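The values are calculated or read from the model by the stated rules, or taken from the named source; none is laboratory data. Predicted, not measured: the structure shown is a model, and the values here were computed from it. Counting neighbours? That spans all protein chains shown, and the Cβs are built from the backbone with ideal geometry, glycine included.
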Amino acid sequence: MTTRTRDPQTSHEADESTTEDNLSSLQRWVLVHLAKEPQTDDQLVAAHLTAYFYKEVAVRATPQRIRTARKELELQGLVKFTGDFGRTPFNRRTQIWSIA
């Protein structure tokens with residue numbers, strides 16, 4: 001990840017604490033989780049928080065990082081939009097994702 005020079009110091013610290021191993025392990029987690037069943041980004045976020053709570057994952061990821069990991073996998077052709085929609089907690093339509 002990269003930060004802009006004008007970003008606050010905390011952003012630079014967060015960037016430095018994120019390693020390639022953490023990123024790839026999160027991507028692997030997203031792939032494994034989507035292999036179980038197609039999910040929305042919000043469902044992935046909730047599932048990751050549960051996995052962290054039960055110590056199934058070592059590093060807690062932010063919702064933004066989970067969405068980014070899913071998008072990176074989509075760009076690599078490993079994850080795809082199913083064509084179906086779910087609902088967000090605010091009852092808005094959201095895409096459902098699955099492994100490609």
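Condition first: surrounded by fewer than 11 Cβ atoms within 10 Å (Cβ to Cβ) and within 13 Å of L26 (Cβ to Cβ). Now tell me which residues in region 53-91 satisfy that.
Hits for region 53-91 are A58, Q64.
For (1) part of a loop (DSSP other than H, G, I, E, B); (2) under 17 Å from I99 (Cα atoms); (3) in contact with a helix residue (DSSP H, G or I) (Cβ under 9 Å, 6 or more places away or on another chain), each residue gets a yes or a no:
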site	(1), (2), (3)
A46	no, no, no
Y52	no, no, no
E56	yes, no, yes
R67	no, yes, yes
L73	no, yes, yes
F81	no, yes, yes
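Determine which single condition P38 fails, assuming it passes every other condition in (1) within 22 Å of A100 (Cβ to Cβ); (2) at pLDDT below 95.
All conditions pass for P38, except number (2).
Residues in region 45-52: is at least one at pLDDT below 95 and loosely packed, with under 15 Cβ neighbours inside 10 Å? Write out each step before concluding.
Step one: filter region 45-52 for residues at pLDDT below 95, giving none.
No.
Restricting the search to region 85-100, which residues are more than 16 Å from the chain's Cα centre (by Cα), assigned to a loop (DSSP other than H, G, I, E, B) and not hydrophobic (A, V, I, L, M, F, W, C)?
Answer for region 85-100, where residues must be more than 16 Å from the chain's Cα centre (by Cα), assigned to a loop (DSSP other than H, G, I, E, B) and not hydrophobic (A, V, I, L, M, F, W, C): P89, N91, R92.
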